[in-house]
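The structure appears right after this line, and notes come after that.
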Amino acid sequence: MSANQEFFVKIAKNRIAVLIGPNGETKSLIERKTNSKIDINSKEGDVTISSTSKTTDPLSIWTAKDIVTAIGRGFSPEKTYSLLNEEIMLEVIDLSIFCGKSKSKLLRLKGRIIGEKGKTRRMIEELTEAYISVFGHTVGIIGEQLSLETAKKAIMMLIKGSQHSSVYKFLGRKRDKIKKTKFSIWKPFQLEEE
């Protein structure tokens, strides 16, 4: 690899310990799996992700950046490791775009997305097979493309004021399509074998 790649990510100070992990295990695992170097400024919450001499795939640095970003947005390290699969993506929705600086609007939006006792977030996760994290002023989504797009659409419906029941119906309709897409991978192989 000719040029050194570098990314900067700002994460909340209370997520630094999660990124480092017990005895530095989480940080080390990310570095090892992505052939990257992660430098953390614990006082500021600044994280620098850079390529190393072992980096052969430039996309691995993007993966490391996405994993660090996802941990910073409230996901557990275990859920972020799914991003090591190139089929899995991360999307972050900034809720402040929809509520400005109003803390009460932000709380209301977060409440609509999480739902009573976490029901709405749980339903979105179960019906789309995506992971959802509501943290600070953002909503993070981790999933395969169709799962991620469906979860994002459901969240946007909630942000724009749709009834929860309408969102659940939408998710129910999309669930079958998500399942069919996952299993359609087998069809070409079955045809070739015959």
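The table below lists the values:
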read-out: Residue among Arg15, Arg173, Arg112 with the largest mean-square fluctuation in a Gaussian network model of the chain, springs linking Cα atoms under 10 Å; value: Arg173
read-out: Under the span-like rule (Cα at least 18 Å along the axis, Kyte-Doolittle mean at least 0.5), DSSP H helices of the chain; value: 59-72, 145-159
read-out: Calculated [θ] (222 nm, deg cm²/dmol) that DSSP helices of n ≥ 4 give over the chain, each run adding -39,500 (n - 2.57); value: -15500 deg cm²/dmol
read-out: Most positive-pole-ward Cα, Gly21, Thr34, Ile49, against dipole of the stretch 6-77 from beta carbon charges; value: Gly21
read-out: Extreme residue, positive dipole direction of the stretch 1-122, given options Ile11, Leu83, Ser60 (C-beta unit charges); value: Ile11
read-out: The chain: relative contact order as a whole-number percent, Cα under 8 Å and 6+ apart; value: 16
read-out: Greater than 23 Å apart at Cα, pairs in Lys105/Lys160; Lys152/Lys177; Lys10/Lys33; Lys79/Lys152; Lys13/Lys37; Lys27/Lys103; value: Lys27/Lys103
read-out: Among (1) -0.37, -0.66; (2) -0.23, -0.44; (3) -0.32, -0.58, the entry derived from the coordinates for log10 I(q)/I(0) by the Debye sum over Cα atoms at q = 0.08, 0.11 Å⁻¹; value: (3)
read-out: Likely footprinting exposure, Tyr131, Tyr168, fewest C-beta neighbours within 10 Å first; value: Tyr168, Tyr131
read-out: Difference of contour (0.36 nm per residue) and Cα-Cα distance, Ser104 to Lys54; value: 13.2 nm
read-out: Relative contact order computed over the stretch 88-183 (Cα-Cα under 8 Å; 6+ residues apart), in percent; value: 31
read-out: Only Lys, Arg (+1) and Asp, Glu (-1) charged, at Cβ; the chain dipole about Cα centre in debye; value: 1300
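Taken together, the values in this text are just the output of simple stated rules run on the coordinates, not laboratory data. As the structure is a prediction and not an experimental result, all values here were calculated from the model. Neighbour counts are summed over all protein chains in view; Cβ atoms, including those assigned to glycine, are modelled from backbone coordinates with ideal geometry.
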